[in-house]
Each structure stands twice: as structure tokens, then as C-alpha cells.
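Undergrad: First the structure, then my questions, so here it is.
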């Protein structure tokens, strides 16, 4: 599994976000936010899984799952911090972040996307990265 594929997918997701956000499509269609976060979590986890496979780092399945889900959570929290900074520093009159309920749903969707990859990676025989 090559690391470049999740990197390319992540770039494409950021391009999609860069198109959707200024056009206010998240405001017009709030449901778009849910699959974007699921996909972001999926891609972040895919990157971590690909990295371990590519570098042939041998770790137990449990450690791999924890690292994949933990890494995905860190990416999701970083994204929510970015939203908060945009809201409070750069665009205080044009809220980007949807509040606590939206933030928690975003993080759940990030982790669900990551869990799909962690589940797939955990089903492999032997150690992860082998």
C-alpha cells in the first residue's frame, strides 16, 4: 500500500472543501459536513495504515488499531481547532464552526471513518505492517 494514494485523496478532499466552503454550500446543505468528516477520517486512517505497511513497521494488531484511531482523532481535533481559529481570529463575523453539537458530530464522523480502516487493517493476519 503506497502512502501517496491517501495523500492524493487528502489533497482532493481539501480541494473539495475549498470549493464548498466559499460557495457557502455547507450553510445551504448542512448534511454535506457529515460525509466530508467521515471521508476525512477515512483518509487520515488510510494514511496511517499505509505508512505502517510501507515502512514495514511491525506492531501488534491492537497497537495498530490504537495508533490508527488515535492518529485519526488527532487529525480530527486539529481540524476542529482550525475551525475555531478561523471563527475567532480570521472571520469573527462569518461563523465557520457550528457549535458544540456540530463539533462532537464531526469528531464522531472522523472516528467512524477511521474505524473502517482500523477494522480492515485489524482483520489482516499476523502483525500490522507485515
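The values are calculated or read from the model by the stated rules, or taken from the named source; none is laboratory data. In this text, all values refer to a predicted model and were calculated from it rather than measured experimentally. Quick reminder, even Gly has a Cβ in these numbers, built from the backbone with ideal geometry, and neighbours come from all protein chains shown.
Undergrad: Give the residue, chosen from 41, 10, that is surrounded by 13 or more Cβ atoms within 10 Å (Cβ to Cβ) and under 17 Å from residue 118 (Cβ atoms).
TA: Result of the check over 41, 10: 41.
Undergrad: Would you mind finding the one in 74, 59, 65 that is modelled with pLDDT under 90 and closer than 22 Å to residue 3 by Cβ?
TA: Criteria check complete, one pass: 59.
Undergrad: Still on this structure, I have one more. Within the range 46-55, identify whether any single residue is free of Cβ contacts under 8 Å to residues at least 60 places away in the same chain, more than 21 Å from residue 101 (Cα to Cα) and surrounded by fewer than 16 Cβ atoms within 10 Å (Cβ to Cβ), and answer yes or no.
TA: yes
Undergrad: Continuing with this model, one more query. All but one of (1) farther than 21 Å from residue 12 by Cα; (2) touching a helix residue (DSSP H, G or I) at 6+ places or on another chain (Cβ under 7 Å) hold for residue 84, so report the exception by its number.
TA: (2)
Undergrad: Please tell me if residue 109 is at pLDDT below 95, in contact with a helix residue (DSSP H, G or I) (Cβ under 6 Å, 6 or more places away or on another chain), surrounded by 16 or more Cβ atoms within 10 Å (Cβ to Cβ) and within 19 Å of residue 25 (Cβ to Cβ).
TA: Against the criterion (at pLDDT below 95, in contact with a helix residue (DSSP H, G or I) (Cβ under 6 Å, 6 or more places away or on another chain), surrounded by 16 or more Cβ atoms within 10 Å (Cβ to Cβ) and within 19 Å of residue 25 (Cβ to Cβ)), residue 109 does not qualify.
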